[in-house]
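**Q** One structure, pasted below without further comment.
The values are calculated or read from the model by the stated rules, or taken from the named source; none is laboratory data. The structure presented is a predicted model; accordingly, all values stated were derived computationally and were not measured. Positions of Cβ are backbone-derived with ideal geometry, glycine not excepted, and every protein chain shown enters the neighbour counts.
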Ligand SMILES: *Cc1c(COP(=O)(O)O)cnc(C)c1O
């Protein structure tokens with residue numbers, strides 16, 4: 001649609017330029033201030049719809065972990081629940097019921113023992129879940145220390161330098177010293193030895209990530225727990241582990257049933273996951289579960305009214321949309337164990353095949369293969385000169401693909417990687433299209449750059 005009309009040139013930059021056929025009553029709609037009068041719903045819709053066309057095509061976005069496709073039935077349910085407020089358990093008892101069923105489902109999926117069934121809740125995402133998980137660790141540590149008459153003013157938390165930014169936020173917002181284990185050689189995530197070496201009596205917990213956003217690899221949760229068991233037997237220090245399973249807690253149960261990472265390990269106190277990543281729900285839902293009531297200190301819990309009863313809540317937000325929680329339950333019901341296994345199994349198949357093909361082109365080396373999370377990272381071989389991973393990323397973007405390039409943290413600042421996140425909606429067919437573009441991009445960059453004629457704007461005569 002054309003947005004300007006020849007008879008109305010030189011519009012004020014602060015005014016939205018709207019098709020004259022739509023603009024029946026108003027002279028202009030201010031862009032940055034509240035309009036004085038109403039705008040018709042058709043006009044308002046069309047103006048915003050047109051502007052949003054400039055947002056990217058999410059299906060070609062291989063940068064994000066977040067769900068970009070759901071079934072129409074799920075979308076219909078979500079539309080029906082747009083007005084539901086998660087906190088209003090009195091008004092929406094069934095939404096609350098679905099939330100607690102989701103917690104029970106996850107509790108079993110993550111091997112909480114039947115007697116001391118895990119307790120937990122939904123959140124807006126893994127970030128909020130991480131704040132809650134971290135707070136519980138901090139409070140438990142404080143209580144233990146206070147009971148022993150020891151100082152509680154210098155808490156620290158131990159994790160790999162590859163942790164997602166939410167843990168830096170946690171440490172910053174709640175005044176906890178962050179102790180980061182650096183990368184080392186081709187180890188791009190936390191190691192058991194590295195974690196134990198940074199622990200002391202002020203350590204509130206160790207964060208183990210399943211899997212890392214840098215390269216899709218799983219951290220060795222069982223090894224980390226075993227090393228902390230050993231630390232306890234040597235020193236008496238009993239340090240709990242929180243698993244940041246933002247992605248992996250929705251992948252490993254289905255694809256890696258033999259992997260030991262969850263509540264089956266007694267040292268794992270709590271687990272968070274993003275419902276809106278491999279839980280396959282549109283953004284705004286996460287989950288946090290504690291292995292049992294003792295892992296979640298009573299004094300962090302607030303009691304809200306629920307059908308004349310009271311129900312425990314622990315959350316940073318008050319009002320929050322209920323639609324995502326309903327959609328999570330829809331996925332559980334609709335897909336079941338087999339459905340999740342098939343969808344994620346397919347994603348892993350696409351990821352591993354794609355990574356193998358990328359390794360074959362020549363200039364790239366794989367850092368990971370996509371055989372843990374369906375996510376892999378690759379870099380240019382050291383001998384490649386004349387172009388960088390950033391050039392590859394830029395060139396792919398000209399074709400609409402988002403494959404981000406980024407520099408690794410200490411001690412691998414020398415390494416620049418590209419990362420591909422495969423998720424529902426990215427098929428073998430689409431990955432073939434990406435491969436064709438990547439081969440072309442590499443050929444051109446190897447020849448010494450220059451614009452890609454296929455990507456040039458305009459058309460050929
Ligand atoms: C995405 C991610 C987070 C943050 O999760 P949100 O749901 O986006 O808030 C935290 N940790 C890891 C490992 C992640 O991948």
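**Q** Just name the residue that is nearest to the chain's Cα centre (by Cα) out of those in segment 186-223 that are free of Cβ contacts under 8 Å to residues at least 40 places away in the same chain and within 19 Å of residue 419 (Cβ to Cβ).
**A** So the residue we want is 189.
**Q** Would you pick out the residues in segment 368-403 that are crowded, with 19+ Cβ neighbours inside 10 Å and within 18 Å of residue 247 (Cβ to Cβ)?
**A** 368, 369, 370, 372, 373, 374, 375, 376, 377, 403, listed by residue number.
**Q** Criterion first (assigned by TED's automatic domain parsing to the domain that holds residue 157, in contact (Cβ under 8 Å) with a residue 40 or more places away in the chain and closer than 30 Å to residue 429 by Cα) does residue 60 satisfy it? Can you show your working first?
**A** Working: assigned by TED's automatic domain parsing to the domain that holds residue 157: no; in contact (Cβ under 8 Å) with a residue 40 or more places away in the chain: yes; closer than 30 Å to residue 429 by Cα: yes.
Judged against the criteria, residue 60 is not a match.
**Q** Go through segment 291-311 and give me each residue that's out of contact with any strand residue (DSSP E or B) (no Cβ under 6 Å at 6 or more places or on another chain) and farther than 19 Å from residue 144 by Cβ.
**A** Of everything in segment 291-311, those that are out of contact with any strand residue (DSSP E or B) (no Cβ under 6 Å at 6 or more places or on another chain) and farther than 19 Å from residue 144 by Cβ turn out to be 305, 306, 307, 308, 309.
**Q** Answer with yes or no whether residue 131 is on the phi < 0 side of the Ramachandran plot and part of a helix (DSSP H, G or I).
**A** On the way: on the phi < 0 side of the Ramachandran plot: yes; part of a helix (DSSP H, G or I): yes.
Considered against the rule, which asks whether it is on the phi < 0 side of the Ramachandran plot and part of a helix (DSSP H, G or I), residue 131 comes out as yes.
**Q** Does residue 71 meet the test of being touching a helix residue (DSSP H, G or I) at 6+ places or on another chain (Cβ under 8 Å), closer than 26 Å to residue 426 by Cβ and modelled with pLDDT of 90 or more?
**A** Considered against the rule, which asks whether it is touching a helix residue (DSSP H, G or I) at 6+ places or on another chain (Cβ under 8 Å), closer than 26 Å to residue 426 by Cβ and modelled with pLDDT of 90 or more, residue 71 comes out as yes.
**Q** Oh, and also: Could we say that residue 239 is within 20 Å of the chain's Cα centre (by Cα) and either more than 11 Å from the ligand (Cβ to nearest atom) or buried (at least 24 other Cβ atoms within 10 Å of the Cβ) (or both) here? Spell out the reasoning first.
**A** Numbers: within 20 Å of the chain's Cα centre (by Cα): no; either more than 11 Å from the ligand (Cβ to nearest atom) or buried (at least 24 other Cβ atoms within 10 Å of the Cβ) (or both): yes.
Criteria not met by residue 239.
**Q** Is it the case that segment 208-216 has a residue that's more than 13 Å from the ligand (Cβ to nearest atom), in the same structural domain as residue 290 (by TED's automatic domain parsing) and either modelled with pLDDT under 95 or in contact with a strand residue (DSSP E or B) (Cβ under 6 Å, 6 or more places away or on another chain) (or both)? First the steps, then the outcome.
**A** So in segment 208-216, the residues more than 13 Å from the ligand (Cβ to nearest atom) come out as none.
Looking through segment 208-216, none of the residues is more than 13 Å from the ligand (Cβ to nearest atom), in the same structural domain as residue 290 (by TED's automatic domain parsing) and either modelled with pLDDT under 95 or in contact with a strand residue (DSSP E or B) (Cβ under 6 Å, 6 or more places away or on another chain) (or both).
**Q** Among what's in segment 257-288 and is part of a strand (DSSP E or B) and away from the ligand (no atom under 15 Å from the Cβ), pick the residue that is nearest to residue 225 (Cα to Cα).
**A** Residues of segment 257-288 that are part of a strand (DSSP E or B), as a first pass: 268-274, 286-288.
Subset that is away from the ligand (no atom under 15 Å from the Cβ): 268-269.
Values: 268: 8, 269: 11 Å.
It comes out as 268.
**Q** A further question follows. Since residue 318 meets every condition but one in (1) under 21 Å from residue 121 (Cα atoms); (2) part of a helix (DSSP H, G or I); (3) out of contact with any helix residue (DSSP H, G or I) (no Cβ under 6 Å at 6 or more places or on another chain), which condition does it not meet?
**A** It is condition (2) that residue 318 fails.
**Q** Okay, next question. Give the residues of segment 289-315 that are in a helix (DSSP H, G or I) and surrounded by fewer than 19 Cβ atoms within 10 Å (Cβ to Cβ), sorted by residue number.
**A** Taking segment 289-315 and keeping what is in a helix (DSSP H, G or I), we get 293-295, 298-300.
293, 294, 298, 299, 300 - these are the residues of segment 289-315 that are in a helix (DSSP H, G or I) and surrounded by fewer than 19 Cβ atoms within 10 Å (Cβ to Cβ).
**Q** Here's something else I'd like to know. Could you give every pair whose Cβ atoms fall below 8 Å, whose first residue belongs to segment 121-150 and is farther than 19 Å from residue 288 by Cβ, and whose second residue is assigned to a strand (DSSP E or B) and more than 10 Å from the ligand (Cβ to nearest atom), counting only separations of at least 6 or pairs across chains?
**A** From segment 121-150, no pairs qualify.
**Q** For segment 244-256, which residues satisfy the criterion of being out of contact with any helix residue (DSSP H, G or I) (no Cβ under 6 Å at 6 or more places or on another chain) and either within 16 Å of the ligand (Cβ to nearest atom) or under 25 Å from residue 231 (Cα atoms) (or both)? Break it down into steps so the answer makes sense when it comes.
**A** Narrowing segment 244-256 to residues out of contact with any helix residue (DSSP H, G or I) (no Cβ under 6 Å at 6 or more places or on another chain): 244-245, 247-250, 252, 256.
If the condition is that a residue be out of contact with any helix residue (DSSP H, G or I) (no Cβ under 6 Å at 6 or more places or on another chain) and either within 16 Å of the ligand (Cβ to nearest atom) or under 25 Å from residue 231 (Cα atoms) (or both), then 244, 245, 247, 248, 249, 250, 252 are the ones that fit.
Residues checked against (1) over 23 Å from the mean Cα position of the chain (by Cα); (2) within 16 Å of the ligand (Cβ to nearest atom):
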position: 105; (1), (2): no, no
position: 118; (1), (2): no, no
position: 126; (1), (2): no, yes
position: 129; (1), (2): no, yes
position: 143; (1), (2): yes, no
position: 152; (1), (2): yes, no
position: 157; (1), (2): no, yes
position: 160; (1), (2): no, yes
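**Q** Residues to consider are 386, 400, 370, 425; find the one that is at pLDDT below 95, closer than 30 Å to residue 163 by Cβ, in a loop (DSSP other than H, G, I, E, B) and in the same structural domain as residue 349 (by TED's automatic domain parsing). So that I can check it myself, show each step before the final result.
**A** Numbers: 386 fails: closer than 30 Å to residue 163 by Cβ; 400 fails: closer than 30 Å to residue 163 by Cβ; 370 fails: at pLDDT below 95.
Step by step, each of 386, 400, 370, 425 is checked, and only 425 is at pLDDT below 95, closer than 30 Å to residue 163 by Cβ, in a loop (DSSP other than H, G, I, E, B) and in the same structural domain as residue 349 (by TED's automatic domain parsing).
**Q** While we're here: If you check 288, 271, which single one turns out to be touching a strand residue (DSSP E or B) at 6+ places or on another chain (Cβ under 6 Å) and closer than 21 Å to residue 84 by Cβ? Before the answer, list the steps.
**A** Details: 271 fails: closer than 21 Å to residue 84 by Cβ.
When all the criteria are applied, what remains is 288.
**Q** Please verify whether residue 100 is within 16 Å of the ligand (Cβ to nearest atom) and either in the same structural domain as residue 201 (by TED's automatic domain parsing) or surrounded by 14 or more Cβ atoms within 10 Å (Cβ to Cβ) (or both), treating the condition exactly as stated. Steps first, please.
**A** Details: within 16 Å of the ligand (Cβ to nearest atom): no; either in the same structural domain as residue 201 (by TED's automatic domain parsing) or surrounded by 14 or more Cβ atoms within 10 Å (Cβ to Cβ) (or both): yes.
When the stated conditions are applied, residue 100 does not pass them.
**Q** Taking segment 166-185 as the region of interest, how many residues are without any contact (Cβ under 8 Å) to a residue 24 or more places away in the chain, within 16 Å of the ligand (Cβ to nearest atom) and either surrounded by fewer than 16 Cβ atoms within 10 Å (Cβ to Cβ) or not assigned by TED's automatic domain parsing to the domain that holds residue 207 (or both)?
**A** 2
**Q** Let me ask another. For residue 380, are the conditions met, namely being in contact (Cβ under 8 Å) with a residue 60 or more places away in the chain and either closer than 28 Å to residue 138 by Cα or not assigned by TED's automatic domain parsing to the domain that holds residue 98 (or both)?
**A** Working: in contact (Cβ under 8 Å) with a residue 60 or more places away in the chain: no; either closer than 28 Å to residue 138 by Cα or not assigned by TED's automatic domain parsing to the domain that holds residue 98 (or both): yes.
Here the answer is no, as residue 380 does not meet what is asked.
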